[in-house]
Structure formats: C-alpha cells, structure tokens
Amino acid sequence: MIPLVTSYQPAPMSSELFDDFKKHLPKEVRKQVEARQAKIIESQNERERERELKLSEILDSETMMRFAYVPFVIATLAWDYADSILNMAAYLRIQEVKKLCRSVKELKKDYDYLRAPYIDQAHQESEENNMYIFEDGVNDVFNLYLANIGFDIKSEYPDLDNEYVTYLKAIYQCHIVLKSIFRYAQIQTDKVEKIVGHKIGDIIPTQLRRLDTLVMAFVGDKPVSKKFEKQQETYAETLVNRMCLIELCENEDECK
C-alpha cells in the first residue's frame, strides 16, 4: 500500500533567495530563521536518502545505475556547457546577460549544495570521468547538430559575426543536452515505477530544469528558425538513445 501524505513538507528556499530574504530581517530573528532553513534542508536531504535506500533494496544494480547515476553524469556535461556560455558572454562583453550569468552561478551553488550529502570526491570524479566517455561517444551527433545549427543561424542572421554564432551554438548545445536528460530521466522513471508499483516523483533536481530556462534566455532576440526547432527533436531522441546504451567505467583505472 502506498502511504498517504499526511503533512505538508516545506521546500527550502534557494541560496540566492534566502540570502536576499535575510537582509530584510531584524538581527534578533535572523539566526532563528537560518536554523529553520537548515532544518528544512536537512529534512529534505533525509527524505531523499530514505527514498534512494528503499529503491536500492528493490532495484538491481544496472537499473539503479541507469535511473539514479546516468542522468547526473550527463548533467555534469550540461553544467560544463553552461559554464562555457558564461565565459563566452564575458568574452563578448554582452552586458544584457550579466544578471543571467549571476543567476546561473547561484543555481550551480544550489545544485552542488543539494547533492553534497549524497556524493563524495570519488563519486564526483566518477561522474566527470564518465562525462568525458559519453561526450566522446556522441561527438558525431554534436558535430552534425552544431554544423546544422550554425548554418541555420547564419541563414536567419547573415550579418552576425562568427564569434556570436559560436556563442549561440554553445547555448543550443547546452539546451539539447538538458532536453535529452529530461526525456531520458522520464523513460527510466517510468521503468522504475512499473517495478516498484507506485509513483516515485521526479529524480531531476529543480535546478536543472531552471537551468534550461535560464540558458534559453541567453538567446535573446536571435532564436533559431521554427524549422530547426522541430529538427532538434531528432537530435534529442538520438542523444537519449545513446544515453540508454552508454557503457560506463566503474573505477578510475577503467576510465583511463
């Protein structure tokens, strides 16, 4: 029997929102509010630990890896591409996206803070090593995707300089990776829910979904054509298929 939810479980504020919120509080209540925020975060982390423990008792190691590990390997790649966007925006001195850049950095802090209780340095290195394995395995897809998106952008905006085209390509590359993660995670979630016999919720942290929204805001007034938007679906499905087939290394020696 699936247990009923009998009480409301508050979600913690993002670090950016909470820091802004604290500024407006009297000093005498600030510590009390900080303690409450810390308690909410710890309660959320504990619920996540309990959920993962229960699933690990039910699922075989392969299914658990596909469900709870692979999405975060690919997410490492998405954050890496997001960082490239920030670097290019700074290089091109695009003043209009300064606030967006700060928001992405704060979002990454939230993401790292959320995951800190579950991963150690070895786990983090494992995700990074396997990220490179995946990236190498999909180079052909990315090369074709970037070539076609570059052609589309130049067709839409023939006077755009090459550096700005490269900037837009970086944005869409990050977007397609995030789009693929969400699809892949849903496929794996559907499989797991069939095994356990009940809904298990979204494994993708809200920070990743918000990252996609922020990343697409960098596009500004230079979107790709409607035709290419539809073509992106094919690339996303191809990446999802590669994720489903990915062979990952289990230790550092194998990753070398």
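Quick notes
- Hey, VAL219 at pLDDT 95 or above, in a helix (DSSP H, G or I) and either on the phi > 0 side of the Ramachandran plot or out of contact with any strand residue (DSSP E or B) (no Cβ under 9 Å at 6 or more places or on another chain) (or both) or not: no
- Boolean, GLU106 is loosely packed, with under 14 Cβ neighbours inside 10 Å, at pLDDT 85 or above and closer than 30 Å to ASN162 by Cα: no
- Residue check for ILE187: modelled with pLDDT under 95 and either in contact with a His (Cβ under 8 Å, 6 or more places away or on another chain) or closer than 30 Å to LEU59 by Cβ (or both): yes
- Considering the stretch 144-161, the residues that are assigned to a loop (DSSP other than H, G, I, E, B) and of a type in the set (D, E, K, R) include one that is surrounded by the most Cβ atoms within 10 Å (Cβ to Cβ), namely ASP161.
- Verdict on MET88 being at pLDDT 95 or above and surrounded by 12 or more Cβ atoms within 10 Å (Cβ to Cβ): yes
- Looking at GLN173, GLN231, GLN207, just one residue is over 25 Å from ALA89 (Cβ atoms) and either modelled with pLDDT of 95 or more or not hydrophobic (A, V, I, L, M, F, W, C) (or both), and that residue is GLN231.
- Just one residue in the set VAL224, VAL192, VAL177, VAL240 is assigned to a loop (DSSP other than H, G, I, E, B), hydrophobic (A, V, I, L, M, F, W, C) and either surrounded by 15 or more Cβ atoms within 10 Å (Cβ to Cβ) or free of Cβ contacts under 8 Å to residues at least 24 places away in the same chain (or both); that residue is VAL224.
- Taking each residue of the stretch 118-136 that is under 18 Å from PRO205 (Cβ atoms) and looking for partners that are charged (D, E, K, R) and in a helix (DSSP H, G or I) with beta-carbon atoms closer than 8 Å, six or more apart or interchain, yields TYR118/GLU48; TYR118/ARG49; TYR118/GLU52; ILE119/GLU127; MET131/ASP80.
- Flag if GLU96 is in contact (Cβ under 8 Å) with a residue 12 or more places away in the chain, under 24 Å from ASP190 (Cβ atoms) and among the charged types (D, E, K, R): no
The values are calculated or read from the model by the stated rules, or taken from the named source; none is laboratory data. None of these values were measured; they are calculated from a predicted model. All Cβ positions, glycine included, derive from the backbone under ideal geometry; neighbour counts span all protein chains shown.
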